[in-house]
Amino acid sequence: MAFPEPKPRPPELPQKRLKTLDCGQGAVRAVRFNVDGNYCLTCGSDKTLKLWNPLRGTLLRTYSGHGYEVLDAAGSFDNSSLCSGGGDKAVVLWDVASGQVVRKFRGHAGKVNTVQFNEEATVILSGSIDSSIRCWDCRSRRPEPVQTLDEARDGVSSVKVSDHEILAGAWWCMPVFPSTREAEEGESLEPGRQRFRSVDGRVRRYDLRMGQLFSDYVGSPITCTCFSRDGQCTLVSSLDSTLRLLDKDTGELLGEYKGHKNQEYKLDCCLSERDTHVVSCSEDGKVFFWDLVEGALALALPVGSGVVQSLAYHPTEPCLLTAMGGSVQCWREEAYEAEDGAG
């Protein structure tokens, strides 16, 4: 007699605050898990990068070498190297164990918003406010990038890399004041305020195997892009307080997710570890979770009273890191019981 397969457990969402890390590096611009989720990186406005064990709240090492605030960082597949980018226009390659700068790549004309390693950690990809993505060879001593992708018409806000694809979004907008006609019709702006209008608003996917570029028009400045974990979809967040799930190959709109606030800041979004939920930062102090298929709001997690500027989701477990102000919060599912010394 064959017994039926047990039903899979419903996904658990991280909503129990386990730890708060007071990072001591000014405002935390970004928080990132390493490849296996055992450690995390925090990027500070005080020019430092820090490596933590987030479950234990332990600071492992501080990396100093940037000339201005650090805006993004990533770890290599073997945890031996880190890369980072920041307001000093530099891309830095670090040795994890020694904390030393291995290489410093210069060539961007503006601040570096986003950095990623390729899968083999032989190349660093960096996206900048100068509207370019640059590819830097970690093994070469040559100072110039091995390739520059300059199709974007606005600053590059987000870059993600798979084994043969690069996903990028552009968001830096040009300030536009009301036209004469709009002023005559009574439309005005508060003193000192500007309306922003995107010149780009496109998600670009570079297929390196085929040598092709695919572009999907969103229309609003893009703050973050990412692949789904199964590699079939892309998630895009933009300054119209909307997240969109697109079919990666066709660009078809599969779902829209609303309820959070994202109108001014470059905020992170992602998918949960099993691709069951869409997750986004919000400017109203919360993190929002939506059911991927149904689109219904599943949870609005209160973090604090400020802007939740960055988040990171564990690669295999329901564990979330959020960054607000100068601290990082570590969240687990309600049933989670911390090991000795980790709670």
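Would you confirm whether or not region 188-201 contains a residue that is open to solvent by less than 80 Å² (accessible area, probe 1.4 Å), within 19 Å of the chain's Cα centre (by Cα) and at pLDDT 90 or above?
Checked against the condition, which is being open to solvent by less than 80 Å² (accessible area, probe 1.4 Å), within 19 Å of the chain's Cα centre (by Cα) and at pLDDT 90 or above, region 188-201 yields no hits at all.
Of everything in region 10-26, what is over 17 Å from Pro315 (Cβ atoms) and among the charged types (D, E, K, R)? Give them in sequence order.
To start, the set of residues in region 10-26 that are over 17 Å from Pro315 (Cβ atoms) comprises 10, 15-26.
Answer for region 10-26, where residues must be over 17 Å from Pro315 (Cβ atoms) and among the charged types (D, E, K, R): Lys16, Arg17, Lys19, Asp22.
Which of the residues that make up region 233-259 are touching a residue at least 24 places away in the same chain (Cβ under 8 Å), in a loop (DSSP other than H, G, I, E, B) and of a type in the set (Gly, Ala, Ser)?
Within region 233-259, Gly251, Gly259 qualify.
If Arg29 meets every condition in (1) of a type in the set (Lys, Arg); (2) within 24 Å of Pro302 (Cα to Cα); (3) open to solvent by less than 60 Å² (accessible area, probe 1.4 Å) apart from one, which number is that one?
(3)
Exactly one condition in (1) part of a strand (DSSP E or B); (2) crowded, with 22+ Cβ neighbours inside 10 Å is not met by Asn262; state its number.
For Asn262, the failing item is (1).
Mind checking which residues of region 288-313 are surrounded by fewer than 22 Cβ atoms within 10 Å (Cβ to Cβ), part of a loop (DSSP other than H, G, I, E, B) and in contact (Cβ under 8 Å) with a residue 40 or more places away in the chain?
Selection gives Gly295, Val307, Gln309.
From the list Asn53, Asn79, Asn34, Asn38, exactly one residue is among the polar types (S, T, N, Q) and within 17 Å of the chain's Cα centre (by Cα). Which is it?
Numbers: Asn53 fails: within 17 Å of the chain's Cα centre (by Cα); Asn79 fails: within 17 Å of the chain's Cα centre (by Cα); Asn38 fails: within 17 Å of the chain's Cα centre (by Cα).
Sole residue among the options that is among the polar types (S, T, N, Q) and within 17 Å of the chain's Cα centre (by Cα): Asn34.
Which of the residues that make up region 211-233 are over 14 Å from Ser162 (Cα atoms) and either open to solvent by less than 20 Å² (accessible area, probe 1.4 Å) or among the aliphatic types (A, V, I, L, M) (or both)?
Looking only at region 211-233, we keep the residues that are over 14 Å from Ser162 (Cα atoms), and these are 211-224.
Leu213, Val218, Ser220, Pro221, Ile222, Thr223, Cys224, listed by residue number.
The values are calculated or read from the model by the stated rules, or taken from the named source; none is laboratory data. Since this is a predicted model, take the numbers as computed values, not measurements. Cβ atoms come from the backbone with ideal geometry, glycine included; neighbour counts cover every protein chain shown. For accessibility, only protein heavy atoms count, side chains too; no ligands or nucleic acids. Shrake-Rupley method; radii C 1.70, N 1.55, O 1.52, S 1.80 Å.
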